[in-house]
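Input: a single structure, listed below in structure tokens.
Just so you know, all these numbers are worked out from the coordinates, no wet-lab data involved. In this text the structure is predicted, and so the values were computed from the model without any measurement. Don't worry about glycine lacking a Cβ; one is built from the backbone with ideal geometry, like all the others, and counts go over all protein chains shown.
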């Protein structure tokens, strides 16, 4: 492992920020082909009475925001470190790969330069990571290739390649496209062989989202892909013909494109929803203070009447399918209302049963009273969250009044 020289940081900083730092370790998610990665660097602080270590977390976006987020933990608070790691890395769904010091510092400088080139401010906390920007390492092309191999998951099938290629292409991510075409590691036009595999077929001028993609066999060993794309509030369906050789795209041709309405897109993306409702038999604030292990990859959002926990799958296997849905990275939802209900939701029966078992077997099981269970043809929980109702069962009764 490459070690870092000791660094003395001077200026208008705290003693912790000025302390000499010795590189300990670094990891990154192998999610570059999803369009984002998260990285964690640990430093030992030498002769610093305030803290013995610095833990830095970085979130990099490869479509619009570059070096998007920075967080840090001073000292060895394991719970806080794990929580920070979960918050930034958990939702990406990838494996974690070890980096050398040079590789980690190279990435911070690369994305900082991206922000500068696109006139985007660096994230808050710059005084804590400025020392990394003062002495950027230089990697050879071979060293860069080894680094990017760590940040990209292993491709397993033509479906895998095609779905990732379409994601990177509609995201206008030329570097990402370059990883997926022949030859790899070159995002320039010279990397494209045979029929052009450039981005001229993409229907939007700004980065778009691949919401759904269905792959079928095409002529001469190629594949036909019907893709639903979203750009702001605009949607369109594209049909492309893609050729893959040795797990790399060699040709892509736009067959057709058609605009669709938001309502039509919603119908295409609609999934069933299984919902289980529990009554919390203690004060909701007391419930919220308890420790509950939902998943190692959970994101929390606050709403007017409660708190929503999104539990993500711990891998991105949903990309390696003939029918890709962006939403398939979510395992399930947990909604804790301010009025004493816990509502579980998932798009599959298997997942909702797993969630029920985990919840009732947790330390919270003895304060939960199982209630109603529902199966809907399309998602309903988000409608409830955005409504003025306090009780989920009453909300469903309102939507489906009994006939006299």
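For segment 64-79 and segment 108-132, what is the centre-to-centre distance using only Cα atoms, to the nearest Å?
13 Å
Per residue and in cubic angstrom, what volume does the convex hull of the Cα atoms of segment 328-384 have?
That works out to 101 Å³ per residue.
Roughly how many Å is it from the Cα centre of segment 339-386 to that of segment 241-287, as a whole number?
A separation of 20 Å, based on Cα centres.
Hey, fewest Cβ within 10 Å first, where do 42, 350, 373 land in order?
350, 373, 42
Would you calculate the separation in nanometres between label points at residue 138 and residue 199, each defined as 7 Å from the Cα along the Cα-to-beta-carbon direction?
Taking the two extended label points, one gets 2.8 nm.
How do 108, 244 rank when sorted from fewest to most other Cβ atoms within 10 Å of their own Cβ?
Listed from fewest to most nearby Cβ atoms, that is 108, 244.
Sort largest first and round to whole Å: the equivalent ellipsoid semi-axes of segment 38-150, each the square root of five times a Cα gyration tensor eigenvalue.
22, 17, 16
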